[in-house]
1. So is Phe63 at pLDDT 95 or above, assigned to a helix (DSSP H, G or I) and exposed (fewer than 13 other Cβ atoms within 10 Å of the Cβ) or not?
2. With the requirement that a residue be surrounded by 11 or more Cβ atoms within 10 Å (Cβ to Cβ) and outside any helix (DSSP H, G or I), what does region 101-127 give you?
3. For region 92-108, what are the residues that are within 21 Å of the chain's Cα centre (by Cα) and of a type in the set (Ser, Thr, Tyr)?
Amino acid sequence: MRGAGGTEGGIGRFFLGLIMMIVGGYLFLHNITVSTGFGFGYRLFDFGGFGITSGYVLIPFLFGVGIIFYNSHNFLGWILAIGSLAMLAVGGITQTHFQLRHMTAFELITILVLLVGGVGLFFSSLRQSKSVL
């Protein structure tokens, strides 16, 4: 009978590694705080020392939408609308901040051992095991 991945690596190691990876990954992601400074009035970009806020980005978007409704075949309207939406998306992504919550060294080491140890066990189960007599 073949084990995990069609090899003789071991089904027990496969499931133990998978469980450790899932638990470690969950605990790691659970301890990350995501915050953003995105909103109207916050700077998205700096252009020549002048901060461009998300409200300023909507001005060309509105002109683009107006041009599209007037003549949907006008290339300039599509460029303005799509470019403004792209700038809003990039600005929102660049304003996103990830931060680990306060935790003790023991908690962090436990999470990392579960995560990285699970990855190691999982991948070691996918290769042939060398039987030693």
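The values are calculated or read from the model by the stated rules, or taken from the named source; none is laboratory data. This one's a predicted model, so the numbers in the text were calculated from it and none came from an experiment. FYI the Cβ positions are ideal-geometry reconstructions off the backbone, even for glycines, and counts take in every protein chain you see.
1. Numbers: at pLDDT 95 or above: yes; assigned to a helix (DSSP H, G or I): yes; exposed (fewer than 13 other Cβ atoms within 10 Å of the Cβ): no.
In short, no.
2. Met103, Ser125, Leu126, Arg127, listed by residue number.
3. Thr94, Thr96
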